[in-house]
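I have placed the structure first, in the form of structure tokens, so that the comments after it can refer back to it.
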Amino acid sequence: MSKINVLVLPSDTSGVGRYRSVDPHIKLQNLYPEDFHVDIDYQPKINDINYWKKYQIVHFHRSFGDIDKCPQMIKTLRSMGIIMIGDIDDYWLPTKEHPIHALIVENKMHLKIVENLKACDYVSTTTEIFANEIRKFNKNVIVLPNAIDPKEPQFNQPTLKSDKVRVGWLGGSSHLHDLKLLDGMVSKLKPIQDKIQYYLCGFDIRGSVTEINKQTGEKTQRAIRPEETVWVKYEQIITNNYDIVTPDYKIFLDKFVEEDYPNVSKENYVRVWTRPVDSYARNYSNFDISLAPIKNHIFNRMKSQLKVIEAGFYKKALIASNVGPYTIDLKHGMKNGEFTDGNALLVDEARNHSDWAKYIKKLVDNPNMITDLGERLYETVSQRYDLNIVTKTRSEFYKSLIK
């Protein structure tokens, strides 16, 4: 059989493009060079029919070209015998508290994305939970989860020893309402604060603010001031409004400079600035316990379990919300106050006010369980979310389409 020519159209050059489009298909070509030829194109020649003719499969994330014309383009390419696979990793309509909700609704982006999915031959996504939702619009859905290349350098950084238990959160700028689930946690743990150090990873002061003139309605944009960023709100939660921060360190933090602070290892809190997509996971090497709080709503329930996968490959103890994607692979590791054979600690929605602190304290008092939970989580994810394993599934799927 001749090689299957696959065209990949990533949605961006950041995390989504890398995890859902670029890395999986580079791995496909590298593992199966006799079976596949892969082209990755960020600027496809939309209106050049000859450009498309050499491909048997086109894989795109959400949309490509003019989103209003995309469904018709998909149908045109299908009529040429090209198999169209639309990929999606997030629910198409974020909740109202999400920063881009209003923009999506105003431009009807959620409706347009659904039309793209309807037009495709197949849809690929991250979890069976999300797949069931997508099947309301397209019955041909395959789960190809996010996966990690275990040999990638950013997943192989050593975690240095510390006399404190380090608790960390790593994420982006749209999680304020998720992090609010941790409000009060640091205060409850104050009696054992000398044993804990908190890490907030991904700190970023880039961005802009849109201001509206109340008299004229005119919109103007300006650079966001550091103290206006959502990351300061995150920091207030993780530091109990800077209650656990020394006065000199607070003065340093207020400068918002990406510089090392002398003896930061002795502080109760560490700010870690954002990293590029090819090195952000190094942040897991900073801490021992990873936190994954998410509110229980449809957007979060459709998310992938990437936080679980990343923490697992780093062998970190994980405390997570007992919601949606975190129910897929995680087994609660405690019953009646005693540790069991689970691979994580899960916080029920009704227990957000108490159990984040409760479980951290339990792990601080039983440090061997930090290691045990991390090892068990690694055993879970390494057998399911190794990029080599998921790529084998992708290879078999693509070949079945051509046959």
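Read the figures in this text as sums done on the coordinates, not as results from a lab. Note that the coordinates shown come from a computational prediction; the quantities given were computed from them, not determined experimentally. With ideal geometry, Cβ positions are generated from the backbone for all residues, glycine too; neighbour counts draw on all protein chains shown.
Worth a mention:
- Helical runs assigned H by DSSP (4 residues or longer) give the chain a calculated mean residue ellipticity at 222 nm of -8500 deg cm²/dmol, each run adding -39500 (n - 2.57) before division by the residue total.
- In region 153-382, Cα pairs under 8 Å separated by at least six residues give a relative contact order of 24 percent.
- Here the Karplus relation 6.51 cos²θ - 1.76 cosθ + 1.60, evaluated at θ = phi - 60°, turns the backbone of region 173-179 into coupling constants of 8, 10, 10, 4, 6, 6, 5 Hz, with x for every Gly and Pro.
- Our estimate of slack between Q236 and T95, defined as 0.36 nm per intervening residue step minus the Cα-Cα distance, is 48.4 nm.
- Integer Hz, Karplus 6.51/-1.76/1.60 couplings in order for region 195-208, x for Gly and Pro: 9, 10, 9, 9, 10, 10, 10, x, 3, 8, 10, 7, x, 9
- Within region 117-234, DSSP assigns beta bridges of which about 35% are antiparallel (rounded to the nearest 5).
- Here the extension length gained between R135 and K392 equals 90.2 nm, from 0.36 nm per residue of separation less the Cα-Cα distance.
- Gain on full extension, evaluated as 0.36 nm per residue between E34 and K53 minus their Cα-Cα distance, stands at 4.8 nm.
- Amide H contacts under 5 Å for D87, placed H, 5+ residues apart: F60, H61, R62, S124
- Estimated FRET transfer efficiency (R275, S382; beta-carbon r; R0 22 Å; 0.05): 0.40
- Distance from the C-alpha centroid of region 107-122 to that of region 284-301: 28 Å, rounded to the whole angstrom.
- Relative contact order %, the chain, counting alpha carbon pairs below 8 Å whose residues are six or more apart: 16
- Since only S14, T216, I82 are under comparison, the one whose Cα sits farthest along the positive direction of the charge dipole of the chain, derived from C-beta charges on Lys, Arg, Asp and Glu, is I82.
- For Q215 and E106, a Förster radius of 25 Å and the Cβ-Cβ distance give a FRET efficiency of 0.65, rounded to the nearest 0.05.
- Taking amide H as placed 1.01 Å from N in the peptide plane, the amide H of V8 sits under 5 Å from that of D39, I40, D41, H59, each at least 5 places away or on another chain.
- Peptide ranges 351-358, 19-26 listed from the most packed, as the mean C-beta count within 10 angstrom indicates: 19-26, 351-358
- Simple spin-label estimate for S14 and I192 gives 3.6 nm between the two label positions (7 Å along the Cα-to-Cβ direction from each Cα).
- Alpha-carbon centroids, region 1-71 and region 317-331: separation in whole Å: 32
- Modelled FRET efficiency - R0 25 Å, D68 with K45, Cβ distances, 0.05 increments: 0.85
- Label-zone membership for region 30-72, site K399, 7 angstrom Cα→C-beta point, backbone N under 14 Å: 31-37
- GNM result for the chain, Cα springs below 10 Å: residue of I113, I148, I46 fluctuating most strongly: I46
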